[in-house]
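The values are calculated or read from the model by the stated rules, or taken from the named source; none is laboratory data. Just so you know, these numbers come straight off a predicted model, no measurement behind them. Because the Cβ atoms are built from the backbone with ideal geometry, glycine has one as well, and the counts that use them run over all protein chains shown. Side chains are part of the model used for accessible areas, which takes the heavy atoms of the whole protein and leaves out ligands, DNA and RNA. Shrake-Rupley method; radii C 1.70, N 1.55, O 1.52, S 1.80 Å.
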Amino acid sequence: MLRLYDSRLSGNSWKIRILLSQLGLDYDRVTLDLQKGEARELAFGQISRFARVPVLVLEDGRPIVESGAILLHLAQGTPYLPDDPYLRTEVTSWLFFEQADLQKAIAVPRVLHLHGHAQDRRQDIERLHVDGYAGLEKLEQWLRGRTWLVGEHYTVADLALSAYVSLAGQGGYDMARFAGIRDWLVRVHGQRGWVPLIPEAGQAAGR
Ligand SMILES: N[C@@H](CCC(=O)N[C@@H](CS)C(=O)NCC(=O)O)C(=O)O
């Protein structure tokens, strides 16, 4: 069976749980406590060469690191990754853009806010917000007049970008100015099999 190493609040890990759910794939879930430093433990280093979650371990024991690579691997041959080579490359472009222009700029302020360091790290957060707002503005412009990021259908590009973008408010971003992003997030969250970051009480945990 597939095995996913994740952590409870990790947006990168959440992306993988969403796709596994949308594909109807069963998996073992191993949830690390990042605050306790579990990702930096020696044993986990044998599985994740970058000492980070998510990691997907395939049935044959080989691990895949990096959320974008895991998404692309799982989505091959499914409706979530276009067959057309150009459209597939467009999906990849968005995955690179998310990692370069949005992920850190949203994730770091979010972690600082969630862990009560927003005041003492205010200048760092402001610097990251400059980068993050620039990325969000580009996304907003692209989404004006479009339903999905690539082609005519929901793909792993929409899934990957929507994860941290939907969490940006937790990092102090004012998302009210991005109407195109807001409407697109509603469409993404309405996709069959989509699961929230933290399951509602009584709902199965992230499957
Ligand atoms: N580029 C990586 C980023 C992964 C990443 O930053 N993971 C964080 C949690 S979201 C982590 O495991 N950090 C290790 C730690 O906090 O010790 C990906 O997309 O998978």
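Roll a 1.4 Å probe over the protein chains and send me the accessible area per residue for the range 2-75 in Å². Mind showing how you got there, number by number?
Details: 3570 Å² over 74 residues.
So the range 2-75 comes to 48 Å² accessible per residue, rounded to a whole number.
Determine the gain in length on full extension of the stretch residue 90-residue 8; use 0.36 nm per residue of separation and subtract their C-alpha separation, reporting nm with one decimal. Don't skip to the end; give the middle numbers.
Working: separation 82, 0.36 × 82 = 29.52 nm, distance 2.99 nm.
Full extension of this stretch gives 26.5 nm more.
Given the options 145, 50, 87, identify the residue whose Cα lies farthest towards the positive end of the charge dipole of the chain (+1 on Cβ of Lys, Arg; -1 on Cβ of Asp, Glu).
The residue sitting farthest along the positive end of the dipole is 50.
Starting from the amide H of residue 64, placed 1.01 Å from N in the peptide plane, find each other amide H under 5 Å away whose residue is 5 or more places distant or on another chain.
56, 57, 58
I need the phi-derived Karplus couplings for the range 182-187: 6.51 cos²θ - 1.76 cosθ + 1.60, θ = phi - 60°, integer Hz, Gly and Pro marked x.
4, 5, 5, 4, 4, 5
Note down the accessible area of residue 38, probe 1.4 Å, to the nearest 10 Å².
Using a 1.4 Å probe on the heavy atoms, I get roughly 50 Å².
Restricting to the chain, what percent of DSSP beta bridges are antiparallel, rounded to 5?
Given both bridge residues lie in the chain, the antiparallel proportion sits at roughly 50 percent.
Which value, in Å² rounded to 10, gives the accessible area of residue 31 with a 1.4 Å probe and all protein chains present?
Estimated to the nearest 10 Å², residue 31 gives 70 Å².
From the phi of every residue in the range 2-7, what ³J(HN,Hα) in whole Hz does the Karplus formula 6.51 cos²θ - 1.76 cosθ + 1.60 yield, where θ is phi - 60° and glycine or proline is x?
Each residue's phi maps through the Karplus curve to give 5, 10, 10, 8, 9, 9 Hz.
Once you sort the root eigenvalues of the Cα gyration tensor of the range 40-118 as a ≥ b ≥ c, which label holds: rounded (a/c under 1.5), prolate (a/b larger than b/c) or oblate (the other case)? Walk me through the numbers on the way to the answer.
Values: a/c = 3.03, a/b = 1.24, b/c = 2.44.
Note, shape of the range 40-118 comes out oblate.
Can you pull the three principal axis extents for the Cα set of the chain, in Å, largest first?
For the chain, the Cα extents along the three principal axes come out at 46, 45, 34 Å.
Heads up, I need the accessible area for residue 86: 1.4 angstrom probe, whole protein in place, Å², nearest 10.
Its heavy atoms expose roughly 150 Å² to the probe.
What 222 nm value per residue comes from the helices of the chain, counting each DSSP H run with n ≥ 4 as -39,500 (n - 2.57) and dividing by all residues, nearest 500 deg cm²/dmol?
After summing the helix terms and dividing by the residues of the chain, the value is -14000 deg cm²/dmol.
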